[in-house]
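Structure, as structure tokens:
The values are calculated or read from the model by the stated rules, or taken from the named source; none is laboratory data. Everything numeric here is computed off the predicted structure, so don't read it as measured data. Every residue, glycine among them, receives a Cβ derived from its backbone with ideal geometry; neighbour counts consider all protein chains shown.
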Amino acid sequence: MRLYLVRHAEAEDGDVDVERQLTDRGRADARRLAEALRPLELRVREIWHSGYPRAAQTAEPIAHEIAGAALKARDGLTPFDRTRPIAKEIKRFGGDLMIVGHEPFLGKLAARLVTGRAARAVVKLDKPSIVCLDDDDDASGEWRVRWMLSRDVTSPGQAPAVEARRGVDAATTPHGTDGPPA
């Protein structure tokens with residue numbers, strides 16, 4: 001099973017955290033992240049997001065790049081929610097899945113899956129970025145970090161060179177099996 005954790009793009013400042021929308025830069029970054037994922041031909045059954053506008057607005061362009069993925073707002077994915085209930089849901093889900101959400105929740109979820117404890121830092125996700133975790137589809141239940149793309153990869157100055165390398169690697173890496181090129 002593959003699990004893709006995506007941190008939302010840059011959001012507006014605001015007094016009410018739940019209502020914050022993406023900035024113009026955030027919308028552009030979300031589109032660039034979605035475009036960077038296209039050559040990887042990711043396959044997920046569902047894309048879960050927290051329901052907060054900034055997470056939904058980041059998830060939407062990504063969903064357009066992943067054929068057949070159902071986009072769903074889910075409870076339990078907000079910044080300070082507990083990770084254990086979602087970790088259990090992921091295990092029961094049984095298929096490749098993407099979650100678009102927030103820090104510190106996503107970092108703690110990755111830590112819980114990889115180390116067994118939410119308190120141990122494994123990754124810190126920038127706005128926007130994605131980390132791919134893999135459980136190797138075995139009965140051990142052990143997860144590992146497979147690859148990660150940060151905002152630096154999708155920034156306007158970096159995108160053309162990355163796309164050129166990715167195009168070559170994507171042809172030999174079906175469905176993102178080995179992740180994005182280095």
Where a residue in segment 48-73 is closer than 13 Å to residue 33 by Cβ and its partner, wherever it lies, is surrounded by fewer than 18 Cβ atoms within 10 Å (Cβ to Cβ) and among the polar types (S, T, N, Q), with Cβ under 8 Å and at least six apart: 57/21
Segment 12-44: number of residues that are modelled with pLDDT of 95 or more and in contact with a Leu (Cβ under 7 Å, 6 or more places away or on another chain): 2
Segment 111-150 - residue that is among the β-branched types (Val, Ile, Thr) and part of a strand (DSSP E or B) and, of those, surrounded by the most Cβ atoms within 10 Å (Cβ to Cβ): 130
Selection count where residues are assigned to a loop (DSSP other than H, G, I, E, B) and either in contact with a Pro (Cβ under 9 Å, 6 or more places away or on another chain) or farther than 23 Å from residue 90 by Cβ (or both), scope segment 1-51: 13
Extreme residue, nearest to the chain's Cα centre (by Cα), among residues of segment 45-59 that are over 10 Å from residue 99 (Cα atoms) and buried (at least 17 other Cβ atoms within 10 Å of the Cβ): 58
Hits in segment 88-101 - residues which are surrounded by 17 or more Cβ atoms within 10 Å (Cβ to Cβ) and hydrophobic (A, V, I, L, M, F, W, C): 90, 97, 98, 99, 100
